[in-house]
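Working notes for the structure below.
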Amino acid sequence: MTATADRGAAHAAAATLLDRMVRDSLRWLDGARPHFRLPPDVATGADPNLTLKPLGELAELTHLIRTSHPRADIRAAADGLFTFAWNETREGELFAELVRGEPHATYPLEIYGVFAYAGLRNTAVEAILPTTTGLRSWRVAREDHTRTLSVLDAERRTGLRQHADFDTVLGLTGLGLMAEPWALDRMAVYGITHDVFHLTDWGRERRRVPAALADYLRLWLPSWLDSWLEEQLWDLVGELLAVAACLPSAPYDPVAWQRLAEAQAADGSVPEMGAAPESGDAAEVFKACYHSTLVTAFAGTLARTGLEVSAAAEAGQAQAVAGRTRYKSEEPS
């Protein structure tokens, strides 16, 4: 086989693997809808980290899949989950209640932002947000700079004035500072993955990554992946593979993807770490698997679109070479 044929076969095998992983992940997530449903007291007493956070993550990542994946059946499955998430918020009315109850909290805006980005808006929310986000207390520093990037992203998506300069805040994050890679613990690496997601609009704008930061990530991603593959922390492995797919030229790591594929169960779930619980408790299994399964579908979609871009670039280069060769052969001797 020629080198071009070899690359074509590798692209096809990778695309088949990624499509299966994304499809199976979405199938499991669809079956887990009851666990994503919000309790009646979500606006008055429920812990948002256990209720709104999973639903917001479902909305964020399925929105990317529904608008980006090359396969129509996979886009349709993601769209169904995204619509489900919007309906759980009572078409945004829930966010108005949350903002009235906690005007200084950022999480209602952060979750609402993805729906607004998709064109789903609620008039009550739109009326109150300019006031709450314009308060002096809104400009108080968040618990970390990565979280501030999330808030700035949400302000941009909803058309609000950003309360700080995005690039300045990025420069204070672990990614922006290009923190010593050998000194990063698990939470620091998670922070860097989210710095990348906010910088690239969750992989939609790969070219936003400055060359120096892209070089830093390309250099150290293989080592980070090896470390967390050894730990079998599949959730972080998925996020790092998503980061790789966010970079210009979207490097694809077939070994890491195969390892993650082997961690995915027959039902489509991916455990956060090690193996899924064997207790039979559906709520426990959901908690242990929902985020890593979502991340697998998200990363698989980014990697799949990266393969499409790479294949198109290679085809363009081949056509250019053929054109130059033809031109030279036609020159008069």
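What the table below lists for this structure:
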{"quantity": "Evaluation of D47 against (1) of a type in the set (D, E); (2) outside any loop (DSSP other than H, G, I, E, B); (3) over 22 Å from T173 (Cβ atoms) (one fails), failing number", "calculated": "(2)"}
{"quantity": "Single match in R208, R259 (criterion: within 20 Å of G171 (Cβ to Cβ), basic (K, R) and open to solvent by 70 Å² or more (accessible area, probe 1.4 Å))", "calculated": "R208"}
{"quantity": "Looking only at region 36-52, and only at residues there that are touching a residue at least 24 places away in the same chain (Cβ under 8 Å) and open to solvent by 80 Å² or more (accessible area, probe 1.4 Å), the one that is farthest from A85 (Cα to Cα)", "calculated": "T44"}
{"quantity": "Condition check for W86: open to solvent by less than 60 Å² (accessible area, probe 1.4 Å), modelled with pLDDT of 95 or more and not acidic (D, E)", "calculated": "yes"}
{"quantity": "Filter pass, D167 being open to solvent by 30 Å² or more (accessible area, probe 1.4 Å) and modelled with pLDDT of 95 or more", "calculated": "yes"}
{"quantity": "Unmet requirement for L213, which otherwise passes all of (1) in a helix (DSSP H, G or I); (2) within 27 Å of R66 (Cβ to Cβ)", "calculated": "(2)"}
{"quantity": "Subset of region 113-133 (residues that are part of a loop (DSSP other than H, G, I, E, B) and in contact (Cβ under 8 Å) with a residue 12 or more places away in the chain)", "calculated": "A118, L120, R121, N122, T133"}
{"quantity": "Matching residues, region 108-127, being open to solvent by less than 50 Å² (accessible area, probe 1.4 Å) and either charged (D, E, K, R) or at pLDDT below 95 (or both)", "calculated": "E110"}
{"quantity": "Within region 245-282, tally of residues that are under 21 Å from R23 (Cβ atoms), within 17 Å of the chain's Cα centre (by Cα) and assigned to a helix (DSSP H, G or I)", "calculated": "3"}
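The values are calculated or read from the model by the stated rules, or taken from the named source; none is laboratory data. Keep in mind that what you see is a predicted model, and the values were worked out from it rather than measured. Because the Cβ atoms are built from the backbone with ideal geometry, glycine has one as well, and the counts that use them run over all protein chains shown. For accessibility, only protein heavy atoms count, side chains too; no ligands or nucleic acids. Shrake-Rupley method; radii C 1.70, N 1.55, O 1.52, S 1.80 Å.
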